[in-house]
Each structure stands twice: as structure tokens, then as C-alpha cells.
1. Working only with C-alpha atoms, what are the Rg and Dmax values of the range 16-132, expressed in angstrom?
2. Give, in nm to one decimal, the length gained when the segment between T213 and D244 is fully stretched (0.36 nm per residue of separation minus the Cα-Cα distance).
3. Go ahead and estimate [θ] at 222 nm for the chain from helices alone: -39,500 (n - 2.57) per DSSP H run with n ≥ 4, summed, over the residue count, rounded to 500.
4. For an R0 of 35 angstrom, estimate the FRET efficiency from the Cβ-Cβ distance between R22 and H202 and round to the nearest 0.05.
5. Would you please put 113-122, 10-19 in order of how densely packed they are, using the mean number of other Cβ atoms within 10 angstrom per residue and starting with the highest?
6. Trypsin sites (Lys or Arg not before Pro) within the range 42-107: which are DSSP loop residues with at most 13 other Cβ atoms inside 10 Å?
7. Return one number: the angle in degrees, 0 to 90 and rounded to the nearest 10, between the long axis of the Cα atoms of helix 101-112 and the longest principal axis of the Cα atoms of the chain.
8. Please state the charge dipole magnitude for the chain, taken about the Cα centre, from unit charges on C-beta atoms (+1 on K and R, -1 on D and E), reported in debye and rounded to the nearest 20.
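Rule-based calculations on the coordinates, nothing more; no lab input. In this text the structure is predicted, and so the values were computed from the model without any measurement. Because the Cβ atoms are built from the backbone with ideal geometry, glycine has one as well, and the counts that use them run over all protein chains shown.
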Amino acid sequence: MTIHPLAAPLSEPARPELTGGRRIGVLLSHGFTGQPASMKPWGEALAERGYAVVVPRLPGHGTTWQELNTLTWADWYAELDRTLDRLVAENDAVVVGGLSMGGALVLRLAADRPGDVAGVMVVNPAVATKRLDVKLLPVLKHLVKSFPGIADDIKKPGAEEFGYTRTPLKAVHSMMQQWPELVADLPKVTAPLLYFRSAEDHVVDEASEPLITGRVSSRDVTVVRLADSYHVATLDHDAQRIFDESAAFVARVATIS
């Protein structure tokens, strides 16, 4: 299977001389049908601050949507779980972050492994939707292999995330099937939470934010409104704000963990 050149994972070592002698790891996850290209600028910005940053390629991403359609949430979660194992072994503290489905996956990690997660950063995460047509997915996925793609919801001219042009239905149904269990387990999330939300998002609607912010047990929750970005805010006009505020967040929560 040919992997897109921009889908190569990012892995940068810790530079404790820049972080007060502590080794601090950051795990960043891209979203559904995307690939590491959407997260690398964010990861590189954090690596410049001295953090050990890993942006893995989730299985079935950066290849073909047909391959993605053979995989499930369990495959994507397992990749992040393994990556977190590595970062925890090599660092004094680890913060996790994700875009869209990546945000849901890292919330799952934080619920399952609270002792290993010092902080959670999410950008337009998805754990629910108001769309009624998703109720047809259990049937549609057997009749239709894909729908038009959801990639490149970016306001900034010329920016591109190089995601799939088709949305594989079996795979998206696998993701959505996990949402109710994740929402039910959100009270298990105790780590500080930094939540970035675009004012205009054509992929993830407003259903997820109140569920997440209202159900987590985190006492430290910050919501940042992104006024000039669409869904893939990590590549949009507000990207620098995400980079700066997340760097400050990591520095704060990783120090006290």
C-alpha cells in the first residue's frame, strides 16, 4: 500500500535543557480521513519549545479510503495507546491532543489512563452529531461504500490537509458507534482540558462541546474560541494561537503533574 509522502509520522526528541530539566512528551492525533500533515505544524511548534512530540499515522490513513474502510476505531485507538506507552516510558509527563476524531481518541485515552495523561488538548472534537442521516449508517454502509469527503474545511486560502476525497461508511460508522460509550465515560477524564472551538465548522456541529465540557471531571477547563478558522483550525488562520496557547498549557500542566 502506497503511503502519501505527507503522511509520514512526526517524532521529535525531548530537549530537557529547554524545559527546566524535565522531559515532557506530547502526543497529537489527526482526524478521520486526515493524516499527520494536518498536525505537523502544531507538533513542530511544540517541539521547538523542547517537548518530545509524536504525531502518528493512524492505520488506514494516508493510503486509500478503501483501506480505511477495512479498519475500525479499535485499530486507531490501539495506535495511540502504543504511542502513549512509549512517551510515558521516556518522559516525566505526557500531554495528549487531537483534532476532530483525534480529539475523541485522546479523550478516550484520558478516560482510560488518567494516571498517564497530564493534560488534554482538543480542536473541534467530535463525540456526537445532530445529523439525523447517521441513523441510516448501519444499513447504508452495506449498500454504499463511501460518501463525498469531508477534508479541507479550511478558511485560509491555499491551505490543504491532503485528506481523502471520499468518506468510507463502514469506517465512519465504527467511529460513531464508540461515541455513546465515550460520552458515558467522560466523567473519568480528570486531567486539565484545553478546548479549541472554531466559530464556523462545516464538519463537526455544536452537539459535542456541551457534552464534553459538561461531563468531564476536570476542574481545570479552558475553552478558546477561534474566530477566523473552519474545522481544520490547525492549518487555518488561528493556527498560531493554537500553537502558543497549547505550549503555555503544556508548560503549566506538565510541571504540576
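1. Cα-based Rg and Dmax for the range 16-132 come out at 14.3, 52 Å.
2. 9.0 nm
3. So the helix-based figure for the chain works out to -10500 deg cm²/dmol.
4. Computed FRET efficiency for R22 and H202 comes out at 0.30.
5. Averaged packing, sorted descending, gives the order 113-122, 10-19.
6. Here no trypsin sites (Lys or Arg not before Pro) fit, given the DSSP loop and packing criteria.
7. Taking Cα atoms only, the helix is inclined about 60 degrees.
8. That gives a dipole near 400 debye.
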